[in-house]
1. Leaving out ligands, DNA and RNA but keeping every protein chain, what accessible area does Asp231 have, in Å² rounded to the nearest 10, with a 1.4 Å probe?
2. Calculate, in nm to one decimal, what Arg33 and Thr233 gain on full extension: separation in residues at 0.36 nm each, minus their alpha carbon distance.
3. Can you give the relative contact order of the chain as a percent, counting alpha carbon pairs under 8 Å and 6+ residues apart?
4. By accessible area of protein heavy atoms, probe 1.4 Å, what ranking do Arg65, Arg33 get, highest first?
5. Give the Debye-formula value of log10 I(q)/I(0) at each listed q (0.09 Å⁻¹), with one equal scatterer per alpha carbon of the chain, two decimals each.
6. Considering only protein heavy atoms and a 1.4 Å probe, what is the carbon-and-sulfur percentage of the accessible area of the chain?
7. Would you compute, for the Cα atoms of the stretch 162-263, the largest minus smallest coordinate along each principal axis and list the three values in descending order, in whole Å?
8. If you take the Cα atoms of the stretch 34-77, find Rg, then find the Kirkwood Rh from the mean of 1/r over all pairs, what is Rg/Rh?
Amino acid sequence: MRTTPNDSATPTAPRPRTLSYSRTTATAARVLRQLGHDTRTIALLMLIPCVMLFLLRYVFDGNPRVFDSIGASLLGIFPLITMFLVTSIATLRERTSGTLERLLSMPLRKGDLIAGYALAFGTLAIIQSALATGLAVWFLDLDVIGSPWLLLIVALLDALLGTALGLFVSAFASSEYQAVQFMPAVIFPQLLLCGLFTPRPEMHPALEALSNVLPMSYAVDGMNEVLLHHDMTATFVRDITIVAGCALLVLTLGAATLRRRTT
């Protein structure tokens, strides 16, 4: 049988259609190696939430009940903010340096890439949340009625939500300066409306309705449930489910909007 030129040509490797454990973990390991050489980023991730909680505790040294009332909420908010900031800048740096361009020219799906980033930063989020929770409960005497492990779960989910938001907004920034500018747009409104400063039912009805669709509101509610109840409540389960669902949704949107390079 005669061979045609098309028969002898080497076929192009098809791009995989499903997430791959090996590609995802390889991406996560690469990101962790790079972050391991950046001591300032590691210090920001691990120490800043602890330092902020420490300062807050002694700002209210004369009235420990104030720290007890807001400390649990901030235990979830601080990891979300720091993971958002670091993740958005780190992902943008990968794109502007051409790393994403090279990676996505290989048989690597955007989903593998986003999942790898989420796994890498999620690993750091576990360490960060454990340090902040341990410091608040066992060294700063945060008075929590429920289990500290439930606090850790909420803090971890909040950190993962911050990671997902950072990955998502990095697609719309063309410089690290623009990535930082997304913080007032994405984080600050949630910070004001999450119920930290005043109970959400006491807000203007329009603002209360808006707060009901913001994930940070449920992060704060989940922390307050642990603060006030001995056992895991149905409201707590609802809150952490919403936070986890929002993180998964934003990660999916991040994979859909990920671009190879800035324009």
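The values are calculated or read from the model by the stated rules, or taken from the named source; none is laboratory data. Everything numeric here is computed off the predicted structure, so don't read it as measured data. Positions of Cβ are backbone-derived with ideal geometry, glycine not excepted, and every protein chain shown enters the neighbour counts. Surface areas here come from the heavy atoms of the whole protein model, side chains and all, with no ligands, DNA or RNA. Shrake-Rupley method; radii C 1.70, N 1.55, O 1.52, S 1.80 Å.
1. Approximately 120 Å² of Asp231 is accessible to the 1.4 Å probe.
2. Working: separation 200, 0.36 × 200 = 72.00 nm, distance 3.95 nm.
Stretched fully, the Arg33-Thr233 segment lengthens by 68.0 nm.
3. Here the relative contact order equals 27 percent.
4. Ranked list, largest accessible area first: Arg65, Arg33.
5. Debye intensities relative to I(0), on a log10 scale: -0.44.
6. On the way: 8940 of 13560 Å².
Answer for the chain is 66 percent, counting heavy atoms of protein chains only.
7. Result, largest extent first: 50, 27, 20 Å.
8. That ratio is 1.16, to two decimals.
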